[in-house]
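> Could you have a look at this structure, given as structure tokens, before my questions?
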Amino acid sequence: MPDRRGDQPASSAEEQPAELVLAALDRAVRHRPGRSGAPLWTVLEHLHVPRRSGSARTVHARLGQLQERGWVERGTERGVELWRLTGTGRRGLRRALASAEPPRLGESPQHARWRGAQLLAAQELDRFRERLRADLAEALRALDADPPLDSDGWFELGARLRGDCRRLGSAWHCLHEWEEPDDEQADVDADTPVGAADEEERRRRARRAGRRNTRLWKEPD
């Protein structure tokens, strides 16, 4: 069972039994829909192990040991090494999870992203509201300005208003509409693909693309 706390320290790979590495690989694959396996770096994320560390090399060696036992298999996709469980590995993991001391993973990367977006949105939502309110007031003043605002001024103001609305809508979604992810499956924003039959629906869904990406909240200098 996962521990969803975000403040647990990263454990060294030496302290992690093979079953924990197996559980991390299983969750990493489940959180990558449509992929045939998971690369090492995603397994390390689920174990809270830094990529460039001795512990990371040990995890890679553990995967090799599990491969020798027939519990995992290795392949490549576009030149990237990918790992996945075999049927034997899945049965072994089920036994481990049903044992008296099952392997316990820390917070998943997708849950950490949700939690971080929630915290940031709570901090920034009011500021985004005030920024939009100020730019709307400037636009209203510009309508009656003398001398009138030139075309470049309107284009610049329009770009700011668009960014204001985009940041506000994204923050609102992250805080009020993005449900806490269930680690049994990948957390995918399922309402953003552009595949609906209705043209307006396609445009609406296209506008939602990237609404969970808080890195897009950066404001221009």
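Per-residue answers, yes or no, for (1) closer than 27 Å to HIS31 by Cβ; (2) not hydrophobic (A, V, I, L, M, F, W, C):
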| site | (1), (2) |
| --- | --- |
| SER99 | yes, yes |
| LEU119 | yes, no |
| ALA122 | yes, no |
| ASP146 | no, yes |
| ASP182 | yes, yes |
| ALA186 | yes, no |
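> So if I check each of ARG167, ARG208, ARG160, ARG202, which one is of a type outside the set (Phe, Trp, Tyr), on the phi < 0 side of the Ramachandran plot, surrounded by 16 or more Cβ atoms within 10 Å (Cβ to Cβ) and at pLDDT below 95?
Numbers: ARG167 fails: at pLDDT below 95; ARG160 fails: at pLDDT below 95; ARG202 fails: surrounded by 16 or more Cβ atoms within 10 Å (Cβ to Cβ).
Checking each option against the conditions leaves just ARG208.
> Condition check: under 19 Å from THR42 (Cα atoms), touching a residue at least 12 places away in the same chain (Cβ under 8 Å), touching a helix residue (DSSP H, G or I) at 6+ places or on another chain (Cβ under 9 Å) and not assigned by TED's automatic domain parsing to the domain that holds VAL29. Does GLY116 satisfy that? Explain how you work it out, then say what you get.
Values: under 19 Å from THR42 (Cα atoms): yes; touching a residue at least 12 places away in the same chain (Cβ under 8 Å): yes; touching a helix residue (DSSP H, G or I) at 6+ places or on another chain (Cβ under 9 Å): yes; not assigned by TED's automatic domain parsing to the domain that holds VAL29: yes.
Yes, satisfied.
> Follow-up. ASP189 versus (1) outside any helix (DSSP H, G or I); (2) in contact (Cβ under 8 Å) with a residue 40 or more places away in the chain; (3) surrounded by 14 or more Cβ atoms within 10 Å (Cβ to Cβ); (4) among the acidic types (Asp, Glu): which is the lone unmet condition?
Only one criterion in (1) outside any helix (DSSP H, G or I); (2) in contact (Cβ under 8 Å) with a residue 40 or more places away in the chain; (3) surrounded by 14 or more Cβ atoms within 10 Å (Cβ to Cβ); (4) among the acidic types (Asp, Glu) is unmet by ASP189, namely (2).
> Give the residue, chosen from SER151, SER99, that is outside the structural domain of GLU177 (by TED's automatic domain parsing) and without any contact (Cβ under 8 Å) to a residue 24 or more places away in the chain.
Numbers: SER151 fails: outside the structural domain of GLU177 (by TED's automatic domain parsing).
After ruling out the rest, the residue left standing is SER99.
> Residue under question is GLU219, and the condition is that it be surrounded by fewer than 12 Cβ atoms within 10 Å (Cβ to Cβ), at pLDDT below 95 and either farther than 18 Å from LEU120 by Cα or in contact with a Ser or Thr (Cβ under 8 Å, 6 or more places away or on another chain) (or both); does it hold?
Details: surrounded by fewer than 12 Cβ atoms within 10 Å (Cβ to Cβ): yes; at pLDDT below 95: yes; either farther than 18 Å from LEU120 by Cα or in contact with a Ser or Thr (Cβ under 8 Å, 6 or more places away or on another chain) (or both): no.
Answer is no for this residue.
> Taking the residues in the stretch 137-157 that are of a type in the set (Gly, Ala, Ser) and part of a helix (DSSP H, G or I) as candidates, determine which candidate is surrounded by the most Cβ atoms within 10 Å (Cβ to Cβ). Steps first, please.
Of all residues in the stretch 137-157, those of a type in the set (Gly, Ala, Ser) come to 137, 139, 142, 145, 151, 153.
Subsequent filtering for residues that are part of a helix (DSSP H, G or I) retains 137, 139, 142, 151, 153.
Numbers: ALA137: 10, ALA139: 15, ALA142: 13, SER151: 7, GLY153: 12.
Per the stated criteria, the residue is ALA139.
> Would you point out which residue out of GLU130, GLU124 is surrounded by 14 or more Cβ atoms within 10 Å (Cβ to Cβ), at negative phi and not β-branched (Val, Ile, Thr)? Spell out the reasoning first.
Values: GLU130 fails: surrounded by 14 or more Cβ atoms within 10 Å (Cβ to Cβ).
That would be GLU124, the only listed residue that is surrounded by 14 or more Cβ atoms within 10 Å (Cβ to Cβ), at negative phi and not β-branched (Val, Ile, Thr).
> Applying the selection to the stretch 66-96, what residues are in a helix (DSSP H, G or I), surrounded by 13 or more Cβ atoms within 10 Å (Cβ to Cβ) and not basic (Lys, Arg)? Step through it out loud before you land on a result.
Of the stretch 66-96, the ones in a helix (DSSP H, G or I) are 66-68, 87-96.
Pick out the ones that are also surrounded by 13 or more Cβ atoms within 10 Å (Cβ to Cβ) and you get 66-67, 88-90, 92-93, 96.
Once the filter is applied, which keeps residues that are in a helix (DSSP H, G or I), surrounded by 13 or more Cβ atoms within 10 Å (Cβ to Cβ) and not basic (Lys, Arg), the stretch 66-96 yields LEU66, GLN67, THR88, GLY89, GLY92, LEU93, ALA96.
> If a residue must be touching a helix residue (DSSP H, G or I) at 6+ places or on another chain (Cβ under 8 Å) and assigned to a helix (DSSP H, G or I), how many such residues does the stretch 28-53 contain? Lay out the reasoning, then the answer.
Pass one, the stretch 28-53, residues touching a helix residue (DSSP H, G or I) at 6+ places or on another chain (Cβ under 8 Å): 28, 31-32, 35, 37-38, 40, 42-47, 49-51.
Then keep just the ones that are assigned to a helix (DSSP H, G or I); that gives 28, 40, 42-47.
Qualifying residue count for the region: 8.
The values are calculated or read from the model by the stated rules, or taken from the named source; none is laboratory data. As the structure is a prediction and not an experimental result, all values here were calculated from the model. Positions of Cβ are generated from backbone atoms using ideal geometry, with glycine treated the same way; all protein chains shown enter the neighbour counts.
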